[in-house]
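Heads up: the structure comes next, in structure tokens.
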Ligand code: SF4
Ligand code: SF4
């Protein structure tokens, strides 16, 4: 049985899929040293609202410190990019040996050789859900989406995640505008931006608590 459901961590929503803990999807395969990491080959980009949420608690500030201390993290004007591990020599070996699987919907095959700095093999993400990015909290791979597609609730789940991502974009745009007016950037004035974010009121989004999507054996049989 596969279950997809909404989880709220300190009012921060995410979609949880029970299949992820034993990921069998193509894009979850790893040809690098970090095995069993699902699709956590992603290098997360923490936006201003993600950072603002972290500034509100001591535990969030510890998470932020962990992110900026990660060796390949880059701080840009209005976001932080936490880059992780990439096994370039293994990637080249697979390319030269023509050993990569053929996937019609994939353009970037480096995903099989990458790993997020915050994932632990077989354990998953070590950041609390409330401090993960939108992509981390809402991504569902093609295999899972295709299985769930014809369930009556899945369209509602998809529409709500799009609505929420637009709200996040809007909030980020407002924060970016606020800091550009003040001529402050994360890159040049990191601590000042953090202090401002601590003081600014945090906007909230009331994410609906949908019923879970249950894909059990009867679902696979199509009955
Ligand atoms: S979303 Fe898909 S690829 Fe990612 S961990 Fe879950 S099952 Fe694996
Ligand atoms: S931050 Fe967590 S959920 Fe996001 S890619 Fe990294 S390990 Fe995965």
Name, by its number, the condition in (1) within 16 Å of ligand 1 (Cβ to nearest atom); (2) at pLDDT below 95 that does not hold for residue 125.
(2)
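For the stretch 120-144, which residues satisfy the criterion of being under 24 Å from residue 1 (Cα atoms), free of Cβ contacts under 8 Å to residues at least 24 places away in the same chain and touching a strand residue (DSSP E or B) at 6+ places or on another chain (Cβ under 7 Å)? Break it down stepwise before answering.
So in the stretch 120-144, the residues under 24 Å from residue 1 (Cα atoms) come out as 121-125, 129, 136-144.
Of the ones still in play, those that are also free of Cβ contacts under 8 Å to residues at least 24 places away in the same chain are 123.
Result: no residue meets the conditions.
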Pick from the stretch 113-123 the residues that are buried (at least 16 other Cβ atoms within 10 Å of the Cβ) and either within 17 Å of the chain's Cα centre (by Cα) or within 7 Å of ligand 2 (Cβ to nearest atom) (or both): which of them is nearest to residue 89 (Cα to Cα)?
114
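Can you find a residue in the stretch 36-47 that is more than 16 Å from ligand 1 (Cβ to nearest atom) and out of contact with any strand residue (DSSP E or B) (no Cβ under 6 Å at 6 or more places or on another chain)? Outline the logic, then answer.
Applying the first criterion (more than 16 Å from ligand 1 (Cβ to nearest atom)) to the stretch 36-47 yields 45-47.
Then keep just the ones that are out of contact with any strand residue (DSSP E or B) (no Cβ under 6 Å at 6 or more places or on another chain); that gives none.
No - not one qualifying residue is present in the stretch 36-47.
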If residue 192 satisfies all but one of (1) in a helix (DSSP H, G or I); (2) under 27 Å from residue 15 (Cβ atoms); (3) free of Cβ contacts under 8 Å to residues at least 40 places away in the same chain, what's the number of the condition it fails?
(2)
Using the structure shown, decide if residue 82 is crowded, with 20+ Cβ neighbours inside 10 Å and more than 17 Å from the chain's Cα centre (by Cα).
no
Just give me the residues in the stretch 145-173 being surrounded by 14 or more Cβ atoms within 10 Å (Cβ to Cβ), free of Cβ contacts under 8 Å to residues at least 40 places away in the same chain and within 16 Å of the chain's Cα centre (by Cα), in sequence order.
158
Mind checking which residues of the stretch 174-185 are buried (at least 16 other Cβ atoms within 10 Å of the Cβ) and in a helix (DSSP H, G or I)?
175, 176, 179
Are any of the residues in the stretch 32-46 free of Cβ contacts under 8 Å to residues at least 40 places away in the same chain and under 16 Å from the mean Cα position of the chain (by Cα)?
no
Tell me yes or no: at least one residue of the stretch 186-198 is out of contact with any strand residue (DSSP E or B) (no Cβ under 8 Å at 6 or more places or on another chain), within 28 Å of residue 17 (Cβ to Cβ) and surrounded by 15 or more Cβ atoms within 10 Å (Cβ to Cβ).
no
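Within the stretch 1-109, considering only helices (runs of 4 or more DSSP H) that don't extend past its boundaries, which have at least 1 residues that are away from ligand 2 (no atom under 16 Å from the Cβ) and closer than 30 Å to residue 170 by Cβ? Break it down into steps so the answer makes sense when it comes.
Working: elements: 48-55, 58-69, 88-96.
Answer list for the stretch 1-109: 48-55, 58-69.
The values are calculated or read from the model by the stated rules, or taken from the named source; none is laboratory data. Every value quoted in this text rests on a predicted model; they were computed, and no experiment measured them. All Cβ positions, glycine included, derive from the backbone under ideal geometry; neighbour counts span all protein chains shown.
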